[in-house]
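Student: Dropping the structure in here first, questions after.
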Amino acid sequence: MEITQKFFAGVVAMSALMPLALLPGQVHAQQPGGPQATPRIEGFNVDEVRRLAPGVELNFELYGTPGGVASLRIAGATRNLTLIEVEAGQYEGTYTISGRDNIAARSPVTANLRVGNQVASAVLTESLQVGVGQHNAIAMPGPQPKIERFNVDPIPDLSGGNDLHFTIFGTPGGKVDIAINGVKGKILLPEVSSGEYANTYTIRNRDRIASNSIVTANLRVGERVTSVILGKALQTAAAPAPVRVARVCNNCGTVEAVNLIEVKGEGGYLGTIGGGVVGALLGSQVGGGKGRTAAEIAGAVGGAYAGRTIEGNSRASNHYEVLVRLQNGATQTVTFAAEPGFRVGDKVKITDGVIVRNP
């Protein structure tokens, strides 16, 4: 019994000396596999105020890598400001000026965006007060930086969610930002290779960008700044509307005339005989002797002709003819036994000799 107690006491003492990593159930924090990507600040701006006084609010916005921690430092301010990520990659914050602050219109403002152990920094290029202009935009002696080319890849649709890609070629080793009319704040273009600055801006729903919106780029090298305006539309030209070729309908046309046609009938033998008999009888009543005979003959001939004419008139018929001028320039006539109901100027269509209205 005493030996058993000593054995268990020894096991407990040894377990106390063992590293915690060897104890069962211990969970280890794993290191991330591979280096983290450097965060990027794509835009940094402030709502300029009319005066800098205690109680005035300075509203800042920063756009960059999502999932980070953004903060900024205002020269002359007594405290730093932490920005809140209101949307993926969009950080906002408001600094209220206190009586202890000594903030000027051109006070430098530095923003830091930390993602993991990596930090990106940017300095605000615009001033804090309306009408003062860009921060540090001072004409300095010596050669000015050059912007050799400023380009954008136009897109067909400038609505929210679409991307505009900007590229600038100029003096290397500088800082570039661009401002788009209709977009709040400025967009930063990092130097992707020596003298080449590029970035893609994703249009927000609240932006008011037009194809001809003015885009201004600023290239800063030290204290010298060069600006240039983009000479290109942001939107691709709309494709020309297809030319519609009017197709000719060969059986379509317009009523050009509606004519009433009267067709006289031909008298038959009954009318001729009957008219002759009547004429002869009438002739026998005239004169005497040979004169009566001549009158009978004349009456018979005239009566025969009159009888034939009367019978022909009794057999006369009427019909209507509608003259249609077709779209190909030809004309076509359609016959109707009764009044057709069409008027000059009506749009019609003729199919297999039948005429119908064409709406």
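The values are calculated or read from the model by the stated rules, or taken from the named source; none is laboratory data. Here the structure is a predicted model, which means the values were calculated and not measured. FYI the Cβ positions are ideal-geometry reconstructions off the backbone, even for glycines, and counts take in every protein chain you see. Surface areas here come from the heavy atoms of the whole protein model, side chains and all, with no ligands, DNA or RNA. Shrake-Rupley method; radii C 1.70, N 1.55, O 1.52, S 1.80 Å.
Student: Which residues, counting only those in the range 97-109, are under 18 Å from LEU62 (Cβ atoms) and either at pLDDT below 90 or part of a strand (DSSP E or B) (or both)?
Tutor: Once the filter is applied, which keeps residues that are under 18 Å from LEU62 (Cβ atoms) and either at pLDDT below 90 or part of a strand (DSSP E or B) (or both), the range 97-109 yields only VAL109.
Student: Could you list, in sequence order, all residues of the range 211-231 that are part of a loop (DSSP other than H, G, I, E, B) and farther than 13 Å from VAL152 by Cα?
Tutor: GLY222, GLU223
Student: Here's something else I'd like to know. Considering every residue within the range 70-78, establish whether at least one is open to solvent by 70 Å² or more (accessible area, probe 1.4 Å) and closer than 20 Å to ASN218 by Cα.
Tutor: For the range 70-78, residues open to solvent by 70 Å² or more (accessible area, probe 1.4 Å) and closer than 20 Å to ASN218 by Cα: absent.
Student: Based on what the data block shows, is ILE214 under 21 Å from the mean Cα position of the chain (by Cα), open to solvent by less than 40 Å² (accessible area, probe 1.4 Å) and modelled with pLDDT of 90 or more?
Tutor: No, not satisfied.
Student: Return the residue satisfying two criteria in turn: it lies in the range 330-355 and is in a strand (DSSP E or B) and within 42 Å of the chain's Cα centre (by Cα), and of such residues it is surrounded by the fewest Cβ atoms within 10 Å (Cβ to Cβ).
Tutor: Applying the filter and picking the extreme gives LYS347.
Student: Looking only at the range 225-238, how many residues end up being open to solvent by less than 70 Å² (accessible area, probe 1.4 Å) and not polar (S, T, N, Q)?
Tutor: 5
Student: Tell me which residues, restricted to the range 190-207, are among the aliphatic types (A, V, I, L, M), part of a strand (DSSP E or B) and in contact with a Leu (Cβ under 9 Å, 6 or more places away or on another chain).
Tutor: Once the filter is applied, which keeps residues that are among the aliphatic types (A, V, I, L, M), part of a strand (DSSP E or B) and in contact with a Leu (Cβ under 9 Å, 6 or more places away or on another chain), the range 190-207 yields only ALA198.
Student: Would you confirm, using the coordinates I've provided, whether GLY116 is free of Cβ contacts under 8 Å to residues at least 60 places away in the same chain and either of a type in the set (Gly, Ala, Ser) or open to solvent by less than 20 Å² (accessible area, probe 1.4 Å) (or both)?
Tutor: It is false that GLY116 is free of Cβ contacts under 8 Å to residues at least 60 places away in the same chain and either of a type in the set (Gly, Ala, Ser) or open to solvent by less than 20 Å² (accessible area, probe 1.4 Å) (or both).
Student: Which condition number does GLY185 fail, the rest of (1) under 11 Å from LEU234 (Cβ atoms); (2) open to solvent by less than 40 Å² (accessible area, probe 1.4 Å); (3) part of a loop (DSSP other than H, G, I, E, B) being met?
Tutor: (1)
Student: Could you tell me whether any residue of the range 206-216 is within 30 Å of GLY76 (Cβ to Cβ) and not aromatic (Phe, Trp, Tyr)?
Tutor: There is at least one residue in the range 206-216 that is within 30 Å of GLY76 (Cβ to Cβ) and not aromatic (Phe, Trp, Tyr).
Student: Now, a different point. Take ARG149 and tell me if it is surrounded by 14 or more Cβ atoms within 10 Å (Cβ to Cβ) and of a type in the set (D, E, K, R).
Tutor: No: the conditions fail for ARG149.
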